[in-house]
1. Identify, by number, the condition in (1) open to solvent by less than 40 Å² (accessible area, probe 1.4 Å); (2) over 14 Å from I6 (Cβ atoms); (3) within 16 Å of the ligand (Cβ to nearest atom); (4) modelled with pLDDT under 95 that T204 doesn't meet.
2. Can you tell me how many residues in region 31-75 are of a type in the set (S, T, Y) and within 12 Å of the ligand (Cβ to nearest atom)?
3. Only one of T189, T195, T173 is away from the ligand (no atom under 16 Å from the Cβ) and at pLDDT 95 or above; which?
4. Mind listing just one residue for me: the one in region 108-136 that is in a strand (DSSP E or B) and crowded, with 17+ Cβ neighbours inside 10 Å and, of those, farthest from the ligand (Cβ to nearest atom)?
5. Inspect all residues belonging to region 202-220 and state whether any of them is free of Cβ contacts under 8 Å to residues at least 12 places away in the same chain, of a type outside the set (A, V, I, L, M) and touching a helix residue (DSSP H, G or I) at 6+ places or on another chain (Cβ under 9 Å).
Amino acid sequence: MSDRVILKLGGSVITDKGADCRVNKTALSGIAAAIAGAAPAAQIIVVHGAGSCGHPEAHRFHLDKGAATGQTEGIYVTHRAVSALNDAVTGALRETGMPALGVHPLHVGVADKGRLVAFESRHLGQMLALGMVPVIHGDVVMDLSRGACIVSGDQIVRYLAVALKCTRVGLATDVPGVLDGGRVVPEITPETVRTLQIGNSSHTDVTGGMKGKIDELLGLAKSGIGADIFHVSRLGDFLTGNDHGGTKVRGE
Ligand code: IP8
């Protein structure tokens, strides 16, 4: 099998996080061109965060506490916001000629207490076999205990990297890697993470910011799949296997 890569695009990279659902179209077309140029041989699954298209809505409707009968408007509103962003990401990839196709977790995933317990992935395998590029996103999904919950793109990355036996996982962000005291930490393991002081984003983020990301990636590393966090401007370097100047998250 060829290299099978999950590429996560952070919400703050593809939206203006300070505004109400504003897609950063310039950034998106640059990212799409970098993917199209750097990785024609690899199978690629794109997962993206919500940024300002989903986090403010999830926060406003308290989806972190779930949903009850008669209080389901937030499910619709949040899913609609992040789906609009998914259309924009898919569209930018398609403009470069890539056969990208949006896939919504609300339709194929189920959670319990905020964690995915099922996520159909056989159709994603089929799409990859056909040379397509599935484009998935952090979303609201139905939750067996809470009614509904938010699953981050990072949680989805962790789940799918294992389910689809991915060979590499990369997270393109608006920072050069995981920062500790202003410096990029070159490698994080379950051992070294305890010694780090990791800061958080000042924008609304219902899924835990950088800390939540590292927790998911350390969980993934325990399953034997490492992940790399780097600045979006180094996307081409990651895809071609060159040094990206960011952080590698690895197992023991
Ligand atoms: O931006 C959050 O995904 P993330 C998804 O990857 C929603 O944390 C809908 C807020």
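1. For T204, the exception is condition (1).
2. 1
3. Only one candidate qualifies: T189.
4. V133
5. Among the residues of region 202-220, at least one is free of Cβ contacts under 8 Å to residues at least 12 places away in the same chain, of a type outside the set (A, V, I, L, M) and touching a helix residue (DSSP H, G or I) at 6+ places or on another chain (Cβ under 9 Å), which makes the answer yes.
The values are calculated or read from the model by the stated rules, or taken from the named source; none is laboratory data. Source: prediction; values computed, not measured. In this analysis, Cβ positions are derived from the backbone assuming ideal geometry, glycine residues included, and neighbour counts consider all displayed protein chains. Surface areas here come from the heavy atoms of the whole protein model, side chains and all, with no ligands, DNA or RNA. Shrake-Rupley method; radii C 1.70, N 1.55, O 1.52, S 1.80 Å.
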